[in-house]
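I have placed the structure first, in the form of structure tokens, so that the comments after it can refer back to it.
The values are calculated or read from the model by the stated rules, or taken from the named source; none is laboratory data. Computed from a predicted model, the values in this text were never measured in an experiment. Cβ: placed from backbone, ideal geometry, glycine included. Neighbour counts: every protein chain shown. Areas reflect the complete protein model, heavy atoms only, side chains present, ligands, DNA and RNA absent. Shrake-Rupley method; radii C 1.70, N 1.55, O 1.52, S 1.80 Å.
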Amino acid sequence: MLSVLPLTLLSLLSVARLAPGSFRSSSVLLASHGGLLLLLGNAAVTQAVSVEKRAVLQTSKNGSSFIWTIQDTYEGKTFFDTFDFFTGGDPTHGMVNYTDRDTALANNLTFITDDGKVIMKGDDTTWLDSGVYRNSVRISSQKQYNTGLFILDLNHAPWGCGVWPAWWTLGGGQWPYTGEIDIIEGVHDNAHNQVTWHTGPNCTLNPNTTFTGTIVASNGVPNTDCDGNANGNAGCGVTEWSRASYGPIFDAQGGGVFAMKWDDTGIAVWSFYRAAVPKDVLSGQPDPSSWGEPVAVLDPSGCDPIANFVNHSIVFDITFCGDWAGNSYATSGCPGTCTDRLMDPSNFVNASWNINTLKVYRKQTLTGLATGSARHDLQSPTLRQVFTLGLTLPILALFVL
């Protein structure tokens, strides 16, 4: 291993540009088969960061460069190993029994298909007496997050009369003071997804921010107050414009991708039906700056996205009736009552999640990268950089050995 180091240094020396002014401090980048090794030097520490060669450099609001790098992948046979099953009463007063993991597995409410799809569903086989609650699942990630880029690729999301599903994140501690972000949520066979934020006081949705959705109204007035203790816990919500963002139309065209970006610039949500999923998402190198206007944005001008959202777990659930689906049932166009609807299992054949992957990315700041007119320096190490490399590579090699 160590024998290759002199050859590496000679190779670098052969391409170094020793022009006047080339002794400035910047990063040394080495091309490799899978990516780039950045040696980030300062007075005290040399930091090595592995970066995929295809990663898209982006710029934060303070001018620093960063990429979105994978943090966690939830998929396939291990998906449920990193989630806890909630078995308490439904806080939204749904007519549901949330089951534990063993019960869910035994009754095929959760399973992994042979080709790795993750399935979660409400019971669609059991006839119930009037007033009896239907079995379903609610799971929460064991890991908690403070900011990130969350990308869900799914083939099918639950829908149907009396059905109320959600994919959301929930803060640790007392609700709503650590926040709630509802990324996918709807009731019955609606065609439009609703994105909603619930917080403590002092959080407002800025209506002047650019997004494609429509702010949800209360009593005919757009509700921009996100306080979960006001307006009947409605929070501040945005309804997507696309008819392919929820329900039967979304599922009929093969599902798609939902993404939620949460950082110091705010909280934004995008949705893409299957044929419109960006190539950078499919390649695992997401670049939200290229996705166009989001469907919903909570801007920091009205709500601090760091202080109001703390220690969030990822949650999936399917409930029935309850505060939203139950209270809106009479005006939904669905037949009978929500209680009557709950009795027949055939009414819930579409009440299921079918998930390909859930990926969580984190920001990786790249200190010392040249930008703009100085980009050529990334391919041409200076003499000082070579000397820095000569000191650093043996140390790194010792760790490898």
Of all residues making up region 66-93, the number that are open to solvent by 50 Å² or more (accessible area, probe 1.4 Å) and over 20 Å from LYS143 (Cα atoms): 3
Residues (under 20 Å from ASN155 (Cα atoms) and either in contact with a Gly (Cβ under 8 Å, 6 or more places away or on another chain) or assigned to a loop (DSSP other than H, G, I, E, B) (or both)) located in region 243-264: ARG243, ALA244, SER245, TYR246, GLY247, PHE250, GLN253, GLY254, GLY255
I'd like to know if region 192-201 contains one or more residues that are under 19 Å from CYS334 (Cα atoms), assigned to a loop (DSSP other than H, G, I, E, B) and in contact with a Lys or Arg (Cβ under 6 Å, 6 or more places away or on another chain). no
Scan region 319-347 for residues that are under 27 Å from the mean Cα position of the chain (by Cα) and of a type in the set (A, V, I, L, M, F, W, C) and jot them down. PHE320, CYS321, TRP324, ALA325
Have a look at ILE184, ILE119, ILE112 and point out the one that is buried (at least 23 other Cβ atoms within 10 Å of the Cβ) and not hydroxyl-bearing (Ser, Thr, Tyr). ILE184
Filter region 154-177 down to residues that are of a type in the set (Gly, Ala, Ser) and assigned to a strand (DSSP E or B) and give me whichever is surrounded by the most Cβ atoms within 10 Å (Cβ to Cβ). GLY160
Output the number of residues of region 307-351 satisfying the condition of being touching a residue at least 60 places away in the same chain (Cβ under 8 Å) and in a loop (DSSP other than H, G, I, E, B). 16
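Could you tell me whether any residue of region 228-242 is assigned to a loop (DSSP other than H, G, I, E, B), among the polar types (S, T, N, Q), open to solvent by less than 70 Å² (accessible area, probe 1.4 Å) and touching a residue at least 60 places away in the same chain (Cβ under 8 Å)? First the steps, then the outcome.
Residues of region 228-242 that are assigned to a loop (DSSP other than H, G, I, E, B), as a first pass: 228-230, 234-235, 240-242.
So of that shortlist, the ones also among the polar types (S, T, N, Q) come out as 229, 242.
If we keep only those that are open to solvent by less than 70 Å² (accessible area, probe 1.4 Å) as well, we get 242.
Now narrow it down to the ones that are touching a residue at least 60 places away in the same chain (Cβ under 8 Å): none.
Among the residues of region 228-242, not one is assigned to a loop (DSSP other than H, G, I, E, B), among the polar types (S, T, N, Q), open to solvent by less than 70 Å² (accessible area, probe 1.4 Å) and touching a residue at least 60 places away in the same chain (Cβ under 8 Å), which makes the answer no.
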Output for region 281-324, where each listed residue is of a type in the set (A, V, I, L, M, F, W, C), closer than 30 Å to ASP81 by Cα and either at pLDDT below 95 or crowded, with 22+ Cβ neighbours inside 10 Å (or both): PHE309, ILE314, PHE316, ILE318, PHE320, CYS321
